[in-house]
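Notes follow once the structure below has been shown.
The values are calculated or read from the model by the stated rules, or taken from the named source; none is laboratory data. The shown structure was predicted, so the numbers you read here are calculated from the model rather than taken from an experiment. Cβ coordinates were reconstructed from backbone atoms using ideal geometry, including for glycine residues, and neighbour counts include every protein chain displayed. Surface areas here come from the heavy atoms of the whole protein model, side chains and all, with no ligands, DNA or RNA. Shrake-Rupley method; radii C 1.70, N 1.55, O 1.52, S 1.80 Å.
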Amino acid sequence: EEVPDAVIPAASKKITSISSPLRAIVRLRRRYRGLKKSRLHLELPREKPAEFVHTRLLQRQLSLNRTSLYSPSMSFFNQSGFESSQYFTFDTSVEHYSVKKCRRKKSQRKSRMVLYPDKTKKYLPAEEKSKAKRCLLLLIAIIFFQILNAIENLDDNLQKYDLDGLEKTMHREVFGQKVAVESIVELLKDYLATHIHNKPLVISLNGPTGVGKSHVGWVLAKHFRSVMDNDFVLQYFVMHHCPSGVAALTCEVDLSKKISDMVTRAEIEEKTPLFILDEVELMSPVLLDTLRRFFEPNQTNEFLNAIYILISNLGGAEITKFVIQNASTELLQQQRGAEELLSIIQPVLVSVHPLWKAADIVPFVLLEKSHVINCFLEQMRREGLYPDQKHIENLASQLSYYATGDKQYSRMGCKQVVAKVNLL
């Protein structure tokens, strides 16, 4: 509809005088602001109250009024466009619009590509492989081969000492001491499996007389002399090397010199010396103090690589009492019985001298009558005599025994077997 000229305000008359490009700019500006306000209206959540929406619209109007200060000719159109703008959208649900907007953003993130100005590549450049990974793999391979080589060296060291052959020999020649033999061989294997030690190996063989302690020492000496030179095995008998008439200080100097010389030579040839000390219960306190110094862990390397076998009758009375009290049970064949017996013997040995704190104690139990008969058979074979079973049982019956139920334990073990066989 055409408006009379009298009704048209003065501002509109001024605008009619403006050129057509300027009017087109004003029209675009009004449309842009209308679209912007409609977008703000769509982004408002439904949960917000009408007062909040009205406040936002007022803030928008105030910002438009501020712009009118700088361009008074544009304020009229801004205000009229703000009041007469209409909002229309095909999306009836604000939630649907927000969901579509989130999906669009996710798809844009997934389809993000790297474009280069010089080339039309749509993919990232290949990452250079770090050299640190190669060095790490090389280090792992070196460590693996070193561990493998160490394991092979340990096996070679055990084969050099032939401990499996030693175990078979001891089971064949030592009667009634299966648990003790297994304990000795296990200790030797653990110690000889490596060349680096923090203390010497000290094994104490304790038990009543005639149960096979000295015979085990003789078997060990014979075996190690066969796998090593005779210079690295020392059998020290107190009654022979230090008789009662000799001063204790002289025996102490002599024993220290023998141990030091053998250890030094063994270190040069990379071997482990073996010291078998029999009749330890007859040693003077001076000799025991000397041995204790050699057993200490804070020493030079050559004194740490040595094996000491202590043989004595100390604790024999306690072992005899324990065996007789538990003869009717199978406690002696169980691990619990061995631990209980060890807890009884160790305080007795430590009360004699503190050097037994550093020793692994292996108790030897009493021998049964069947074991004594085996001792007679073995001794007669060594002497070249024909073993008669009835005659052997007759000889075995002449010995004294502890009778407990259906079992008989020899009081002197196989101590008198050699004398009986020599009388035949």
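At-a-glance table
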{"quantity": "Residue tally, condition modelled with pLDDT of 90 or more and in a helix (DSSP H, G or I), over segment 192-224", "calculated": "12"}
{"quantity": "Condition check for ILE319: open to solvent by less than 10 Å² (accessible area, probe 1.4 Å), out of contact with any Lys or Arg (no Cβ under 9 Å at 6 or more places or on another chain), outside any helix (DSSP H, G or I) and at pLDDT 90 or above", "calculated": "no"}
{"quantity": "Qualifying residue in segment 388-398 (condition: part of a loop (DSSP other than H, G, I, E, B) and not assigned by the TED database to the domain that holds PRO200)", "calculated": "yes"}
{"quantity": "Subset of segment 322-358 (residues that are within 19 Å of PRO200 (Cβ to Cβ), open to solvent by 10 Å² or more (accessible area, probe 1.4 Å) and in contact (Cβ under 8 Å) with a residue 24 or more places away in the chain)", "calculated": "HIS353, PRO354, ALA358"}
{"quantity": "Filter pass, VAL246 being in the same structural domain as ASP162 (by the TED database) and either under 22 Å from TYR161 (Cα atoms) or modelled with pLDDT of 90 or more (or both)", "calculated": "no"}
{"quantity": "Given (1) open to solvent by 10 Å² or more (accessible area, probe 1.4 Å); (2) over 13 Å from LEU355 (Cα atoms); (3) under 28 Å from the mean Cα position of the chain (by Cα); (4) in contact (Cβ under 8 Å) with a residue 60 or more places away in the chain, index of the condition ALA306 fails", "calculated": "(1)"}
{"quantity": "Residue match in segment 235-244 (condition: among the aromatic types (Phe, Trp, Tyr) and in a helix (DSSP H, G or I))", "calculated": "no"}
{"quantity": "Selection count, segment 164-179, where residues are touching an Asp or Glu at 6+ places or on another chain (Cβ under 9 Å), among the small types (Gly, Ala, Ser) and part of a helix (DSSP H, G or I)", "calculated": "0"}
{"quantity": "Matching residues in segment 371-387 - criterion: being without any contact (Cβ under 8 Å) to a residue 12 or more places away in the chain and in a helix (DSSP H, G or I)", "calculated": "ARG381, ARG382"}
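One line per residue, one yes/no per condition, for (1) closer than 26 Å to GLU330 by Cα; (2) of a type in the set (Lys, Arg):
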| site | (1), (2) |
| --- | --- |
| GLN379 | no, no |
| ARG382 | no, yes |
| LEU385 | no, no |
| LYS390 | no, yes |
| ALA396 | yes, no |
| THR404 | yes, no |
| TYR409 | yes, no |
| VAL418 | no, no |
| ASN422 | no, no |
